[in-house]
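The values are calculated or read from the model by the stated rules, or taken from the named source; none is laboratory data. Remember, it's a predicted structure, so these values are computed and weren't measured experimentally. So basically every Cβ, Gly included, is an ideal-geometry build from the backbone, and we count neighbours across all protein chains shown. To get the accessible areas, we keep the full protein, side chains included, count just its heavy atoms, and leave off ligands, DNA and RNA. Shrake-Rupley method; radii C 1.70, N 1.55, O 1.52, S 1.80 Å.
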Amino acid sequence: MNAAVRHVDTKQQPHSVEAEQQLLGALMLDESTWAKVGDMLEAEHFSDPVHATIFAAIADRYRKGHMVSPVTLETSLEHHEGLQQLGGVKYLVRLSLASCSSALVRDYARHIVERKIARDALQLAKEAQEAIRGGSDTLEAIARLQVGLQSLPEAEGRESCIPMIKAAHDAIAETLQAYQGQTSLLKTGLTSLDKILRGLGPADLMLLGGATSMGKAQPLDANVLTEAGWKKMGE
């Protein structure tokens with residue numbers, strides 16, 4: 001399948017287009033694979049830009065609890081020029097048909113991350129070499145190289161390191177979006193209740209309580225689930 005990908009310079013950096021293709025196919029074919037690789041892969045680990053975009057779209061849908069398939073991804077990426085050049089939804093279908101076994105996805109993910117580590121290490125070495133040849137202080141260039149190498153993911157690509165400031169920024173952004181109601185979480189349709197819960201996510205369990213004699217034992221029908229009732233509980 002790698003003949004269809006024209007975005008990677010095979011002479012420039014370590015990469016594994018076949019591993020990327022088969023892993024993406026597995027993620028589209030079997031939803032259980034996300035739980036096995038979602039903690040160790042990011043879009044930046046993919047050497048091919050189109051594959052990186054496809055993975056980002058897959059990750060976004062899984063994290064929102066949405067279905068992932070070639071058809072749903074085509075809807076999200078229908079305007080992506082690179083994917084359209086490869087055939088659009090037909091390329092996504094080809095990926096799913098060439099997927100690796102679910103039992104091997106973590107090994108494939110580790111292989112992809114290791115290739116990313118190799119590319120980053122070569123880039124850091126190149127920058128250090130150019131700095132020294134350009135007359136920069138040797139010890140300073142070495143220090144920068146050491147810092148860069150220490151920031152690479154852990155050995156064998158088991159996990160990816162995320163800078164603390166980025167993690168804090170992402171957490172604040174997600175919290176603000178949730179507070180403003182800008183999420184894909186399921187809404188109950190009751191405005192007062194949605195303001196309290198901010199929506200229901202996959203596998204969420206919400207326990208609702210109320211004071212004595214509020215009618216908790218009554219059937220939960222339209223007469224009980226009123227806006228006024230939920231507003232009173234929220235207060």
Inset, instruction - Could you look at segment 1-143 and say what percent of its accessible area is carbon and sulfur, using a 1.4 Å probe and all protein chains? - result: 51
Inset, instruction - State, to one decimal in nm, how far the label point of residue 81 lies from the label point of residue 18, with both points 7 Å from Cα in the Cβ direction. - result: 3.1
Legend entry - Amide H within-cut-off set for residue 200, under 5 Å, with H built and near neighbours excluded: 186, 187
Inset, instruction - At 0.36 nm per residue, minus the direct Cα-Cα distance, what do residue 196 and residue 211 gain on full extension? Give it in nm, one decimal, please. - result: 3.7 nm
Inset, instruction - Grab the Cα-Cα distance for residue 175 and residue 144, subtract it from 0.36 nm times how many residues apart they are, and report the gain in nm with one decimal. - result: 7.7 nm
Legend entry - segment 71-85 - phi-based ³J(HN,Hα) in whole Hz, Karplus 6.51/-1.76/1.60, Gly and Pro as x: 5, 5, 5, 4, 4, 6, 10, 4, 9, 7, 4, x, 5, 5, 5
